[in-house]
1. Take each of the peptides 601-610, 629-638, average the number of other beta-carbon atoms within 10 Å over its residues, and list them starting from the highest.
2. By per-residue mean of other Cβ atoms within 10 Å, what is the highest-first order of 538-544, 187-193?
3. What is the log10 of I(q)/I(0) for segment 561-687, computed with the Debye formula using one identical point scatterer on each Cα and no solvent, at q = 0.14, 0.18 Å⁻¹?
4. Please give the FRET efficiency for residue 72 paired with residue 103, using the beta carbon to beta carbon distance and R0 = 56 Å, rounded to the nearest 0.05.
5. How high is the relative contact order of segment 374-496, given as a whole-number percent (alpha carbon pairs under 8 Å, six or more residues apart)?
6. Sorted from fewest to most neighbouring beta carbons within 10 Å, what does the list 208, 71 look like?
7. Would you mind estimating how fast segment 99-212 diffuses translationally, via Stokes-Einstein at 25 °C and 0.890 mPa s with the Kirkwood radius over Cα pairs, in µm²/s?
8. Please list 473-480, 320-327 highest first by mean number of surrounding beta-carbon atoms within 10 Å per residue.
């Protein structure tokens, strides 16, 4: 049976269209406010300071400018200048001469001289051809005079040149020959010529040897860079001091870069805010909000309609951005105390590690802007935050937060070591930084717990600490369930076990799922006798004297009754969602089917919409899990399966029915998630309803009283009463109360209710 046509999308309803438009405008407005607030905070130093002297480098000082107070600061400009000077003074570092290059050149020289000898002795070549042969030697650049001399000299003279060339190469290539001194080395060759060589032969020998001398020592870039780093690190920061009243700049002087730096340190001037500064701040703000909006639009769409969550995100970012504006600029050690992991830890506990990790990236981006592009600080903030988020497993335990803080400290310390160790620092220089990382982790943990406490008590957002409190069996609503609707209480415990296991199977919030499940049926407290789990077997059915419509209204009302109790007892909004969504927009199946049968017999039409819950359908994975677990547990309890295969069929039928009614479309569940949920529920139900030995006194299913057996439509659960622990006295009181309600049923008005799909559930 298909559900009647309903306006589920609201596209034809002007009110719905207006609400959709308003929701979109609200999102845009929130994004614009966030961008504006972030931009103003990023530019806060420039906007907050008043320039006493509107001066820039190159301007003329209008008067003597004196220091208004004592100050000592590290001059970045002078320190950098000295470091650049120290780096420039370091000579290039070259590798030792490579003997292989020398041997190769000597071998080449021998080959060349052999070739020249062959050309000299060629009887078939004329002098011009021989000259052309010699000019083709690529390793040599022989002049015409040298070529002619090589061809005309005697054999004895040629052998002298051969030996001299080899000797010159062997001696010279054993020295350090670099590209930079190659010309100088070649110019000194003539000084190394043997005195035994005839004066007329010297130019020829030198010319050949000179061409064959090549660099044998290359620049060692790594060693050179290391030497320069060591020279830079050896430069101590230049500290400048001024006493109160001391002249910083004299009247009529042209201001230098260092003097502008001193004036800025004294707070006497600021750099002018340019359009580039504004554009940069706006751009980083837009990138941050786009990252958050994309994630929320894909995975957390419901948040756009939740002002609480949006306000929390904005306030957290702006608060920590303000703290970062105080601690980070200047690049001092205070920057390493910025607790970027604190909001990440808090959000991990509140919404999960995925969104918290995205927040870590956004905060690291903002830290990078505040630090002037410091890769070390960006990496420090990102790694410590991600380590903290990834290590926070059990958000319900206090020690888990301290372990997460320890992980943040370890991650931060590792980053500091990565960036500092290449500089060969002393242990006394590293120890303070590691201490700062440890303090950062401890500070992040403390602030995260404070955030969770404040958020839970001020904003009404559901925190793990609040959920833990709701788990207490002595909570007033849980006590009322135990005392007034014991069967329902036992039912919720069973469903909670199913739902919690299913949530863990797909990585959903298992704590929230269990707590929401424990409170989803609190509306049954008002009229417990109308729900099958609260009646003893064989007790009169209060629905027998009612029309299907009146019964459906009573059953549906447990949702609105539950919402009313939730408001009275101030349950968190996330828990209230379980009450409103656990039946979605499903029909009260049993009574709808019964009304249709009566309508067929009488020939009257019925308004099927009166038998449907008002919804909404589940809008989160957790509430969807509850819907599936609730339906599967009720169906299994009612049908009393005796085999595992029967349980599998029941679970598959219930889940498919919810899919057919499009109850899971807005839940963010994937097909893989649904499969895992089905497997988890089936496995748990098999453990709960495993086959038991039937004793001779046990009733067989076909021996049940006729009044306990009902024909149900496919997928619906029965109202067969399972033997419970409700005493006859309590049952009589509940039946009396139910009869009173029955008299009122015909007067019920259509109200915003969120009903159940089973007669007794």
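Every read-out reported here was derived from the displayed coordinates using simple, explicitly stated rules and does not represent laboratory data. All values derive from a computational prediction rather than experimental measurement. Neighbour counts run over all protein chains shown; Cβ positions are idealised from the backbone, glycine included.
1. Working: 601-610: 11.4, 629-638: 26.8.
Answer by packing, highest mean first, reads 629-638, 601-610.
2. Working: 538-544: 17.4, 187-193: 13.4.
Per-residue Cβ counts within 10 Å, averaged per peptide and sorted highest first, yield 538-544, 187-193.
3. Treating every Cα as an identical point scatterer, log10 I(q)/I(0) equals -0.72, -1.03.
4. On the way: r = 62 Å, r/R0 = 1.10.
Given R0 = 56 Å and the Cβ-Cβ separation, E is 0.35.
5. Result for segment 374-496 is 21 percent.
6. Details: 208 26, 71 17.
Ordered from fewest to most neighbouring Cβ atoms within 10 Å, 208, 71 come out as 71, 208.
7. 169 µm²/s
8. Values: 473-480: 13.6, 320-327: 18.1.
Answer by packing, highest mean first, reads 320-327, 473-480.
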